Amino acid sequence: MSSPHLCSYADRADKHKNPAARALLQLMVKKKTNLSVSVDVTRKNDFLAIIDAVGPYVCLIKKTHIDVLEDYDQTVVEELQALSKKHEFLIFEDRKFADIGNTVALQYSGGIYKIANWAHITNAHAVPGPSIVTGLASVGLPLERGLILLAEMSSKGALTTGTYTEEAVRMARARRDFVIGFIAQHRMEGIGARETDDLTDEDFLILSPGVGLDAKGDAMGQQYRTPAVVVTECGCDVIIVGRGIFGTGRDIDVKEVQKQAQRYQTAGWEAYESRLSK
């Protein structure tokens, strides 16, 4: 089995069976970007302003829990969907589901947020076991959604290592129709594989948080790596950047946000092209 990271995004898009993964890879090629911006702010106006500013430079908008918005209302989703069409990006709701199958199916499909109706991609912890994938797939598959499992995290001291990571990959391998990849720090090919596993055409997208061009970490335990390390050396596919683009202050400088987004887009794409050339 050849590693997917040795192939182009375009070739992988042609072969991928999940519609959400295929659409994401196609957008990455079309816009020449592997950048996802994590918009972890608490005010609706800031949320939408940042997304409108970075939209031309991203393949994916990652919302760190829609429920942190202090002034959420239904117009947030409507405007988010409009921006998704305007700038051509997919929406990744970073919900991090972590419960039994029946519960996550209800959380995914209903409640105030109705995440499955508008998020092309969502994610989940592997802690509950395979039932969490089954529950989410019962809602997401008919809507052509994709699921990301958390295999590794970028925070210092994270417990998502070793056996946990292996089990997360095994869960994904059993549901390649719906699980499209991982939040991880490096590629997952072969991890946890058994002799009886069919690894033919296995292609999991690796989305990597903790990416920074300037800072090495923060006071809350976040650790940062450059796009070159993440994409070229570790073989990850999508770089996730948040505060490195829109800062940590209360006031949003749209021009600076655009400048930083373009900077990360360029760095991420150059890292991808460097990977292909090796």
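Out of the stretch 11-28, which residues are of a type in the set (D, E, K, R), farther than 14 Å from residue 121 by Cα and part of a helix (DSSP H, G or I)? Spell out the reasoning first.
Let us first name the residues in the stretch 11-28 that are of a type in the set (D, E, K, R), namely 11-12, 14-15, 17, 22.
Those left that are additionally farther than 14 Å from residue 121 by Cα: 11-12, 14-15, 17.
Those that are of a type in the set (D, E, K, R), farther than 14 Å from residue 121 by Cα and part of a helix (DSSP H, G or I): 11, 12, 14, 15.
Looking only at the stretch 29-66, which residues are assigned to a loop (DSSP other than H, G, I, E, B) and in contact (Cβ under 8 Å) with a residue 40 or more places away in the chain? So that I can check it myself, show each step before the final result.
The initial filter retains those residues of the stretch 29-66 that are assigned to a loop (DSSP other than H, G, I, E, B), namely 32-34, 39-43, 58-59, 64-65.
Result: 32, 33, 34, 39, 40, 41, 58, 59, 64.
Pick from the stretch 131-157 the residues that are part of a loop (DSSP other than H, G, I, E, B) and exposed (fewer than 15 other Cβ atoms within 10 Å of the Cβ): which of them is farthest from the chain's Cα centre (by Cα)? Full working, then the answer.
First, pick out the residues of the stretch 131-157 that are part of a loop (DSSP other than H, G, I, E, B): 144-145, 151-154, 156-157.
Narrowing the set further to residues that are exposed (fewer than 15 other Cβ atoms within 10 Å of the Cβ) leaves 144, 156-157.
Numbers: 144: 16, 156: 20, 157: 21 Å.
Only one residue tops the list, namely 157.
Which residues, counting only those in the stretch 205-259, are among the aromatic types (Phe, Trp, Tyr) and modelled with pLDDT of 95 or more?
Going through the stretch 205-259, the residues among the aromatic types (Phe, Trp, Tyr) turn out to be 224, 246.
The answer is none; no residue qualifies.
Looking only at the stretch 104-121, decide whether some residue is within 26 Å of residue 50 (Cα to Cα), part of a strand (DSSP E or B) and either touching a helix residue (DSSP H, G or I) at 6+ places or on another chain (Cβ under 8 Å) or open to solvent by less than 10 Å² (accessible area, probe 1.4 Å) (or both).
Yes, the stretch 104-121 contains a residue that is within 26 Å of residue 50 (Cα to Cα), part of a strand (DSSP E or B) and either touching a helix residue (DSSP H, G or I) at 6+ places or on another chain (Cβ under 8 Å) or open to solvent by less than 10 Å² (accessible area, probe 1.4 Å) (or both).
Of the conditions (1) open to solvent by 40 Å² or more (accessible area, probe 1.4 Å); (2) at pLDDT below 95; (3) under 22 Å from residue 14 (Cα atoms), residue 177 clears all except one; give me its number.
All conditions pass for residue 177, except number (2).
Restricting attention to the stretch 67-87, report how many residues are part of a loop (DSSP other than H, G, I, E, B) and over 20 Å from the mean Cα position of the chain (by Cα).
Initial filter on the stretch 67-87 (part of a loop (DSSP other than H, G, I, E, B)): 69-73.
If we keep only those that are over 20 Å from the mean Cα position of the chain (by Cα) as well, we get 70-73.
So the count comes out to 4.
Within the set of pairs 6+ apart or on separate chains, which have a first residue in the stretch 238-256 that is open to solvent by 20 Å² or more (accessible area, probe 1.4 Å), a second that is of a type in the set (Phe, Trp, Tyr), and C-beta atoms under 8 Å apart?
Taking only residues 6 or more apart or on different chains, the pairs are 244/224; 244/264; 252/246.
For the stretch 185-193, state whether one or more residues are loosely packed, with under 15 Cβ neighbours inside 10 Å, modelled with pLDDT of 90 or more and either more than 17 Å from the chain's Cα centre (by Cα) or not small (Gly, Ala, Ser) (or both). Outline the logic, then answer.
We begin by selecting, within the stretch 185-193, every residue loosely packed, with under 15 Cβ neighbours inside 10 Å; these are 190.
Filter again for modelled with pLDDT of 90 or more, leaving none.
There is no residue in the stretch 185-193 that is loosely packed, with under 15 Cβ neighbours inside 10 Å, modelled with pLDDT of 90 or more and either more than 17 Å from the chain's Cα centre (by Cα) or not small (Gly, Ala, Ser) (or both).
Does the stretch 158-170 include one or more residues that are out of contact with any strand residue (DSSP E or B) (no Cβ under 7 Å at 6 or more places or on another chain), crowded, with 22+ Cβ neighbours inside 10 Å and modelled with pLDDT of 95 or more?
no
Here is a list: 52, 46, 73, 11. Which entry is closer than 17 Å to residue 244 by Cβ, open to solvent by 10 Å² or more (accessible area, probe 1.4 Å) and not small (Gly, Ala, Ser)?
On the way: 52 fails: closer than 17 Å to residue 244 by Cβ; 73 fails: closer than 17 Å to residue 244 by Cβ; 11 fails: closer than 17 Å to residue 244 by Cβ.
Criteria check complete, one pass: 46.
The values are calculated or read from the model by the stated rules, or taken from the named source; none is laboratory data. Quick caveat, the model's predicted, so the values are computed rather than measured. As a convention, Cβ positions derive from the backbone with ideal geometry for all residues, glycine included, and neighbour counts pool all protein chains shown. Only protein heavy atoms, including side chains, enter the accessible area calculation; ligands, DNA and RNA are left aside. Shrake-Rupley method; radii C 1.70, N 1.55, O 1.52, S 1.80 Å.
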